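See below for the structure under consideration.
The values are calculated or read from the model by the stated rules, or taken from the named source; none is laboratory data. Small disclaimer: the values here were computed from a predicted structure and weren't measured. Methodologically, a virtual Cβ is constructed for each residue, glycine included, from the backbone with ideal geometry; neighbour enumeration extends over all protein chains shown.
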Amino acid sequence: MFNRAQAFLFLAITILIVSCSAVERSSPLPTLSVAFEPDYRPSKKIIIFVHGLFGDPVLSWTNRAGISWQQLIRQDQAFERFSVARVRYNTPLLTRTSTIEEIATRVLRRLQDEGVFNHDEIYFVSHSMGGIITKRMLVALNRQSQKEKLSRVKAALFISTPAQGSNIAEIGGWLSSNPQLRDIRPADMNSFLQALENDWGDLFRERRPSRFPLSFCAYETKSTYGAVIVPRTLAATYCDQNPIAIDENHSDIVKPVNADADIYKWARARILETSNLAERRSLQYSLGKTPYNYKRGVIVEGIEWQETYGEYEFSVRNPNNDENISDVRLTLELPWALVKWQTISQQGCDGLALSQDRDNSFKVGNEHAIREVIPFRTNILNIDISRMRANALCRVNLILKTDSFRASDSAIASAYRYESDASAMSYYQKILVHDDGIAVSIDSEILKGERKVSVIMEPERPIEFPPSKNRPLTVEIPVSAIGTIHDLANPIKPLGAGFVLDDPHFVVTASSVVFDSGGNLRRLVYVTTDDAGLPVILPIEAYQPIPFTEIAIMKIPAEKIPQGILTRGNSEKLDSGDLVAYVELVLGEENKRVFRPNANRIERITRQNGVRTFVIRGPLKSEVVGGPLLGGGNTAVGIVTKVNLEADNRSTFYALDIQAIPKLPKLK
């Protein structure tokens, strides 16, 4: 006699067997096969059926009247361009066999050997555990070498698939040696299903350049001998639409009685709408340099040609033969500044308009009056088209100033919709520059998603500085406020300069003066000058680098403090073209030390680690590294941290904003 627990186990296994339409056969059958329907004919589209646990490639899909799902498809004119195939794999009741992982690997290999992936569109219809096998196959294709095959899979339909496992499978695993039961135990204690769902989620999020494969899910609502085998909670997985409830039990849900059955109409609609979507083609773009070479001064498209100009042609095309595209919004972030743009030709492009991203000018002046309005060039061009008819083509001529900035992340951002679909698509594609601007192409990979386009401006002509910037710079500094720094190992030639700032106990310099190229601390002395122009040698008591800058602070003895000191200037108001000064050490009469100020304008301002850096060109020597950048009077507005010596006896040097140096505390 069975006790209650044994009776429950027996009932559970019986339900599991009956629900998946087990069948015993006396004749041997192949343990794995892909069988094409008898009237199979080559086509570009194929639907593949994958049965479930203890299932059968024929009986699992056949209703009580002896009509199979596959027969309904062959009788449906909407599927006349589709082939049909069924997968068989071994799934015995009690004996040991292959795991789900092993089956998925073998089925995938068989599908490849049978040429299934030569089809343009592949659709999987999977029942119960067959959905787990299908999902595992698709995850295996989600790697770079197999992405082309994965892109051919347009949709997977999961019908009563226990994505989160099955409680009945856990019970059945106690009595059966079939490892497939253990593979579909509840997911909270099943690392195989957990890993599979994580991989499926990654595939779902990484689907590009297209949106395929799509995922659609359905589950049963009726019980099978008193138990709902796969309710909604166990069927939960990543799907492109909300899971659909079908009023059938676990077995009959894949045995549609006729073409009006809910499951057949649902699956039919999902496959046909996906096929229609797959046949759509995205807008096609091209960007290339024209073969013409113009001489300087020739009038081209209404402008006087310059040697630095380049002529390019951009085109956008709707490649669909029977699909209009509406509400097209293209934003071109080109590699260089735009000089001129105009439409060359268009066919089937309604409401075409070209525009820049913003007003083509900016104003220069002060708080009282606008002095002038200066045009600027931008690398942004907007193209708006209300409708692109089937096979429409639009061509635009672009003249770009190729010696200007070059945008490293130039791209095409696009948004549009197909007229038969209310939802809008948005993509962007990279614009690639080859051979230093000679050739331009567009990355073939479409990167789906939104992208914020930044506006890059270039003045059409150099901006003249206001007259106030031409005023002479007056520098009044005590000679004892500035000194040179020497290495005790070679004291003759100075390594650089330093200066006293804020507090007479501290000397500020560049860290490259204090540390050698290996990062080792040098043995240094600081040499300043007294009022008579004679050198005063001061030992260095301590060093402190300022983090994330190229600046170091040195402490000098309190009893030998120099009298001179520099104060901080108003560096925040400095701009390109402003006059600043730096100081060089020269030997005067009787070998007295003399510091000679030199004035130059700031060429440009950049940032390093968030700190403003002034770039200046002039006849400068490396010995001034660590010295002050002077802004008039006895004020320091920066510190020279780097000098690039050039062949023409001139140098480019870089000075960090004085604000990078923290306030130095006074010692008591």
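Quick look at the values:
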| read-out | value |
| --- | --- |
| Failed item in (1) at pLDDT below 85; (2) over 25 Å from Val433 (Cα atoms), with Gln356 passing the rest | (2) |
| Tally, over segment 150-187, of residues that are out of contact with any strand residue (DSSP E or B) (no Cβ under 9 Å at 6 or more places or on another chain), in a helix (DSSP H, G or I) and of a type in the set (Lys, Arg) | 1 |
| Residue match in segment 212-227 (condition: over 18 Å from Leu138 (Cβ atoms) and part of a helix (DSSP H, G or I)) | no |
| Those residues of segment 273-291 which are surrounded by 14 or more Cβ atoms within 10 Å (Cβ to Cβ) and touching a Phe, Trp or Tyr at 6+ places or on another chain (Cβ under 9 Å), in sequence order | Thr274, Ser275, Leu277, Ala278, Arg280, Ser282, Leu283, Tyr285, Leu287, Lys289 |
| Extreme residue, farthest from the chain's Cα centre (by Cα), among residues of segment 595-625 that are part of a strand (DSSP E or B) and of a type in the set (Ser, Thr, Tyr) | Thr613 |
| Single residue of segment 299-310 satisfying the filter (surrounded by 10 or more Cβ atoms within 10 Å (Cβ to Cβ) and touching a strand residue (DSSP E or B) at 6+ places or on another chain (Cβ under 9 Å)) that is nearest to Arg395 (Cα to Cα) | Glu301 |
| Considering residues of segment 233-242 that are loosely packed, with under 15 Cβ neighbours inside 10 Å and either out of contact with any Phe, Trp or Tyr (no Cβ under 7 Å at 6 or more places or on another chain) or modelled with pLDDT of 95 or more (or both) only, the residue farthest from Gln71 (Cα to Cα) | Thr233 |
| Identity of the residue in segment 311-330, over 20 Å from Ser420 (Cα atoms) and surrounded by fewer than 19 Cβ atoms within 10 Å (Cβ to Cβ), that ends up farthest from the chain's Cα centre (by Cα) | Glu313 |
| Tally of residues being over 43 Å from the mean Cα position of the chain (by Cα), aromatic (Phe, Trp, Tyr) and modelled with pLDDT under 90 across segment 30-65 | 2 |
| Asp252 vs. criteria out of contact with any strand residue (DSSP E or B) (no Cβ under 8 Å at 6 or more places or on another chain), surrounded by fewer than 16 Cβ atoms within 10 Å (Cβ to Cβ) and within 22 Å of Ser68 (Cβ to Cβ) | no |
| Odd one out for Asp183 among (1) surrounded by fewer than 17 Cβ atoms within 10 Å (Cβ to Cβ); (2) over 24 Å from Ala267 (Cα atoms); (3) at pLDDT below 90; (4) of a type outside the set (Ser, Thr, Tyr) | (1) |
| Residues located in segment 73-83, provided they are of a type outside the set (Lys, Arg) and either modelled with pLDDT of 95 or more or outside any strand (DSSP E or B) (or both) | Ile73, Gln75, Asp76, Gln77, Ala78, Phe79, Glu80 |
| Glu102, sole failed condition from (1) modelled with pLDDT of 90 or more; (2) part of a loop (DSSP other than H, G, I, E, B); (3) surrounded by fewer than 20 Cβ atoms within 10 Å (Cβ to Cβ) | (2) |
| Yes/no for Thr567 being modelled with pLDDT of 80 or more, buried (at least 21 other Cβ atoms within 10 Å of the Cβ) and among the polar types (S, T, N, Q) | no |
| Qualifying residue in segment 575-586 (condition: at pLDDT 80 or above, assigned to a loop (DSSP other than H, G, I, E, B) and small (Gly, Ala, Ser)) | no |
| Residue tally, condition small (Gly, Ala, Ser), touching a residue at least 24 places away in the same chain (Cβ under 8 Å) and assigned to a loop (DSSP other than H, G, I, E, B), over segment 105-146 | 1 |
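To keep it simple, each residue is scored yes or no on (1) in a helix (DSSP H, G or I); (2) assigned by TED's automatic domain parsing to the domain that holds Gly52.
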{"residue": "Ala245", "(1), (2)": "no, yes"}
{"residue": "Asp260", "(1), (2)": "no, yes"}
{"residue": "Ala267", "(1), (2)": "yes, yes"}
{"residue": "Arg270", "(1), (2)": "yes, yes"}
{"residue": "Thr274", "(1), (2)": "yes, yes"}
{"residue": "Asn293", "(1), (2)": "no, no"}
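Every residue, every condition in (1) small (Gly, Ala, Ser); (2) part of a loop (DSSP other than H, G, I, E, B), yes or no:
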{"position": "Ala497", "(1), (2)": "yes, no"}
{"position": "Val500", "(1), (2)": "no, no"}
{"position": "Ser512", "(1), (2)": "yes, no"}
{"position": "Gly518", "(1), (2)": "yes, yes"}
{"position": "Ile537", "(1), (2)": "no, no"}
